[in-house]
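Report on the following structure.
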Amino acid sequence: MTTAESTSASADRASILLVDDMEDNLTALEAVLGSLNEPLVRARSGEEAMKALLRRQFAVVLLDIRMPGMDGFETATNIKRLDQTKDVPIIFLTGTDADTGYAFRGYATGAADYLTKPFDPWVLRAKVTVFLDLHRKNRQLQRLLAREHEQFDTLASRMTSIELRLAEDENPDVRELRRDIGEMKETLRMMRRG
């Protein structure tokens, strides 16, 4: 694996934030999601979750609703309020005895999904996998867009250079202009190929 591939692979690592005040629940989530081979980050409160979200990017947050202090709803509201974290999908997790209005309230605060405990491990893993894939595809699109912007900047710079030479010199070097135009055409061909 080349250094560029290694850097790209590590950039595609998609951390998962697990937020629950109960140690047993965090351990169960780690057991279910460990096979995905992605970094699992624990937070024992809404406050800890917010700190973690401000320190690094996450592909998805699994958020317990019932927690002391800042509960899951308040945590989700704070996540969706910040520009840095507003696009991180949230899957709410709550006990089976939860109020029926919890699901509505969860979606109203911006949750992408809602599961009751005990949850089916296969279903949870499948849902998280979808968000991991979306995270990777978004990162890939961001890299492609950055590369395109760089290539457009290169083209604009070369065009400006040609325009200046044509404006300043009554007899510009045609071979040099053809070479520059050929390089611009090659850059355009590369951009079309992706």
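Of the numbered criteria (1) loosely packed, with under 11 Cβ neighbours inside 10 Å; (2) in contact with a helix residue (DSSP H, G or I) (Cβ under 7 Å, 6 or more places away or on another chain); (3) not acidic (Asp, Glu), the one TYR114 fails is (1).
Scanning region 65-81 for residues being modelled with pLDDT of 95 or more, open to solvent by 10 Å² or more (accessible area, probe 1.4 Å) and in contact with a helix residue (DSSP H, G or I) (Cβ under 8 Å, 6 or more places away or on another chain) gives a total of 2. If only residues of region 82-108 that are of a type in the set (S, T, N, Q) and within 22 Å of ASP120 (Cα to Cα) are counted, the one that is surrounded by the most Cβ atoms within 10 Å (Cβ to Cβ) is THR94. Determine whether region 45-63 contains at least one residue that is touching a helix residue (DSSP H, G or I) at 6+ places or on another chain (Cβ under 7 Å) and open to solvent by 30 Å² or more (accessible area, probe 1.4 Å). Scanning region 45-63, I find no residue that is touching a helix residue (DSSP H, G or I) at 6+ places or on another chain (Cβ under 7 Å) and open to solvent by 30 Å² or more (accessible area, probe 1.4 Å), so the answer is no. Checking PHE152, PHE131 one by one, the residue that is more than 21 Å from SER45 (Cα to Cα), in contact with a Pro (Cβ under 7 Å, 6 or more places away or on another chain) and of a type outside the set (S, T, N, Q) is PHE131 and no other. Here LEU17 passes the criteria (1) assigned to a helix (DSSP H, G or I); (2) surrounded by 18 or more Cβ atoms within 10 Å (Cβ to Cβ) except the one numbered (1). Considering region 138-171, and only residues there that are farther than 23 Å from ASP87 by Cα and touching a residue at least 40 places away in the same chain (Cβ under 8 Å), the residue that is most open to solvent (accessible area, probe 1.4 Å) turns out to be GLU148. Taking helices (runs of 4 or more DSSP H) as the structural unit, those lying wholly within region 28-145 and holding at least 1 residues that are within 17 Å of ARG13 (Cβ to Cβ) correspond to 46-55. Between LEU40, LEU29, the distinction of being within 22 Å of the chain's Cα centre (by Cα), modelled with pLDDT of 95 or more, open to solvent by less than 30 Å² (accessible area, probe 1.4 Å) and not small (Gly, Ala, Ser) belongs to LEU29 only. Among the residues making up region 172-194, those that are open to solvent by less than 100 Å² (accessible area, probe 1.4 Å) and either in a loop (DSSP other than H, G, I, E, B) or out of contact with any Lys or Arg (no Cβ under 9 Å at 6 or more places or on another chain) (or both) are PRO172, ASP173, VAL174, GLY182, GLU186, LEU188, MET190, GLY194.
The values are calculated or read from the model by the stated rules, or taken from the named source; none is laboratory data. These numbers come from a predicted model, not from an experiment. As a convention, Cβ positions derive from the backbone with ideal geometry for all residues, glycine included, and neighbour counts pool all protein chains shown. Ligands, DNA and RNA are excluded from the accessible area calculation, which covers all protein heavy atoms including side chains. Shrake-Rupley method; radii C 1.70, N 1.55, O 1.52, S 1.80 Å.
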